[in-house]
1. If you take the residues of the range 324-338 that are surrounded by fewer than 21 Cβ atoms within 10 Å (Cβ to Cβ) and out of contact with any Ser or Thr (no Cβ under 7 Å at 6 or more places or on another chain), which of them is nearest to L254 (Cα to Cα)?
2. Taking the residues in the range 1-58 that are surrounded by 12 or more Cβ atoms within 10 Å (Cβ to Cβ) and β-branched (V, I, T) as candidates, determine which candidate is farthest from A70 (Cα to Cα).
3. Would you mind finding the one in L49, L66, L74 that is out of contact with any strand residue (DSSP E or B) (no Cβ under 7 Å at 6 or more places or on another chain) and touching a residue at least 24 places away in the same chain (Cβ under 8 Å)?
4. Contact list please: Cβ distance under 8 Å, first residue in the range 273-300 and free of Cβ contacts under 8 Å to residues at least 60 places away in the same chain, second residue assigned to a loop (DSSP other than H, G, I, E, B) and aromatic (F, W, Y), pairs at least six apart or on different chains.
5. What number of residues within the range 72-102 satisfy the criterion of being among the hydroxyl-bearing types (S, T, Y) and over 28 Å from D136 (Cα atoms)?
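Every number in this text was worked out from the coordinates using simple rules, so none of it is lab data. Because the structure is predicted, anything quoted here is derived from the model rather than measured. All Cβ positions, even for glycine, are placed from backbone atoms using ideal geometry, and neighbour counts span all protein chains on display.
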Amino acid sequence: MNNPHRRRLLRIAGWTLAVVVIGALGYYLLEYLPQQAAIQIHGDPYKRLEAFNASRATGAQIFLGLGIFASLVLTYRRMRAVESQAATAVRQAKAAEDGQITERFTRAIEQLGTTGAEKMAIRLGGIYALERILRDSEADAPTVQEVLAAFVRDELNRRRAKPQVQAETVDSNDGAGLFVIHTDLKAALTVLSRSRLPGQNPDVRELCLTHCDLRGLQLSGLNLLAADLNGAYLTAADLNGAILAYAHLTGANLNGARLTGANLIGANLTDAHLTGAHLNGAHLTGAILTHAHFIGAHLNGAHLNDADLYGAILTGAHLNGAILNGAHLNGADLNGADLNGANLTGADLTGAHLNGADLTDADLTKADLTKADLTRATLNGATLNGAHLPDDNLPSSFSDPAPSPDGG
């Protein structure tokens with residue numbers, strides 16, 4: 001006897017037994033018990049009839065209650081069966097989707113691994129296939145990002161080691177040469193940039209490009225939020241308007257880099273080298289710039305509110321109109337720096353070196369200049385209300401500022 005036929009017979013037998021039990025229970029509650037109740041009454045036939053009807057009514061209520069209970073049990077079991085089927089369907093769909101993603105991921109990796117200029121289109125297909133996986137599967141987003149970051153690092157190192165495949169340089173507007181980044185590398189970086197837009201893939205890990213060689217590359221406008229660029233080589237790179245907020249750039253080489261209007265809020269640039277870098281209008285609020293090198297850097301109009309510039313070297317730096325409210329510049333080297341019109345309200349310049357610095361029209365309200373070296377500094381038109389000035393090392397032409405109208 002095959003299984004389907006056996007199950008059908010068992011089902012028929014089960015329903016038959018259920019009908020017999022229900023019938024027997026109905027007879028017991030609606031006939032047998034009322035008759036027994038009537039037998040107990042002797043004499044008056046009306047009282048016997050009343051006892052019979054009362055017992056039958058009670059039996060009917062019990063029978064109805066049992067019917068409702070049985071109906072609820074059957075409904076519950078039916079709902080559980082439906083839920084189980086739905087859960088099974090979801091698991092099967094998820095398994096199928098995971099299988100498809102795995103297949104797509106494997107195919108994309110194979111495409112990404114092709115080499116040669118003639119395979120550029122294949123590599124691009126692999127990159128954009130990985131982007132689609134990144135958007136479709138949040139769980140796989142960190143892995144995809146790591147793969148693309150590794151591709152960028154490996155390809156940059158490999159191509160720089162082979163001059164014959166190095167991209168040609170082009171002249172930028174200021175005459176400096178910039179390397180035109182290869183199409184596939186630019187695509188990979190762009191995908192990584194898009195994957196880090198606010199509100200997307202919150203669990204994506206920090207982009208790791210430590211010690212990566214990005215010299216002279218055009219990376220303007222890229223989103224490198226919280227990226228790990230410790231020790232990276234970004235000499236003469238174009239990062240104008242790039243998002244580097246909370247990025248890790250400890251010991252990075254940014255000499256001559258272009259960071260005009262870049263977002264470096266909260267970034268860590270400890271011991272970074274930014275000699276001659278262009279940071280005009282850049283946002284460095286709360287950035288950690290301890291012992292960073294800004295020799296001759298352009299920081300005109302830059303936002304350095306509450307930035308930590310302890311021991312930073314800003315010799316000859318251009319900080320015209322820069323905003324340094326509450327900045328920590330204790331021990332910083334600002335010899336010969338241009339701070340014309342800079343806002344240094346409440347800044348800590350304890351022990352700072354300002355020999356020959358231009359502080360014309362600078363706002364030093366409540367700034368702390370204790371033990372600062374202001375020899376040969378220019379303070380024409382500077383606001384010094386409430387500032388703590390050094391006892392010595394003042395410019396020879398300096399005289400105590402006149403008291404303000406309110407007596408400050």
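1. For the range 324-338, the residue satisfying everything is G331.
2. This residue is I41.
3. Testing whether each residue is out of contact with any strand residue (DSSP E or B) (no Cβ under 7 Å at 6 or more places or on another chain) and touching a residue at least 24 places away in the same chain (Cβ under 8 Å) leaves just L66.
4. L274/F294; T275/F294; A277/F294; T290/Y310; H291/Y310
5. Residues meeting the conditions: 2.
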